[in-house]
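The values are calculated or read from the model by the stated rules, or taken from the named source; none is laboratory data. All values derive from a computational prediction rather than experimental measurement. Positions of Cβ are generated from backbone atoms using ideal geometry, with glycine treated the same way; all protein chains shown enter the neighbour counts.
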Amino acid sequence: MKKAILILAALGFIAAGCSHAVKQSPEQAAQAAAPQKAVQKAPAEKKLNPASTENVTGKTNEAKQQAAVVAAEKKIGDIHFAFDKYSLNADAKDKLHKLSDLLLKNSNAKVMIEGRCDERGTEEYNLALGDKRANAAKNYLMALGVPASQLSTVSYGKDKPLCTEHSEKCWSMNRSDHFSY
């Protein structure tokens, strides 16, 4: 409201300063002032230097790359381990090859490898085993050329089970590495 009053006052001063001012009706004055108001309300276009444009583009590309990895990972899924083991089987290696291809194509994408265990064993033992499982996957990905900066690990041991039933089928689901993006 204050801007509108200031604009109208400025227009009044301009009109008074002209040697041959044309008298207008209030409606005509409002119509003449309307485009001026629109110009005043429109935000100034920001001029970005090339470096800042690259940063904005880089963030957009980073988000697109991360989304591509997340979508593709759903097809890859978790990797699983045998009871009391952290060695990678053929299926796990195949999935890690697919994941490494995605990460190498999407250099800004980052992955958290979550080592998990079943409910059997002590908390300390399962945390250590979960850590070994997560690091086994991380080391394999790094051997395939994925930079360490794209990978991080965490061990949940038996604290965050994917399945809570007390059965071998459920326990085998929990003996896994899960990938978060």
Item checked: Listing of strands (runs of 3 or more DSSP E) fully contained in segment 81-181 that carry 1 or more residues being of a type in the set (D, E, K, R) and within 28 Å of ALA63 (Cα to Cα) -> 111-116, 176-180
Next item on the list: Can you give me the number of residues within segment 99-138 that are in contact with a helix residue (DSSP H, G or I) (Cβ under 8 Å, 6 or more places away or on another chain), surrounded by 15 or more Cβ atoms within 10 Å (Cβ to Cβ), more than 16 Å from HIS80 (Cα to Cα) and not β-branched (Val, Ile, Thr)?
Entry: 8
Next item on the list: Have a look at LEU127, LEU103 and point out the one that is within 20 Å of the chain's Cα centre (by Cα) and modelled with pLDDT of 75 or more.
Entry: LEU103
Check: What residue, of LEU151, LEU144, is closer than 18 Å to LYS95 by Cα, touching a His at 6+ places or on another chain (Cβ under 7 Å) and free of Cβ contacts under 8 Å to residues at least 60 places away in the same chain?
Finding: LEU144
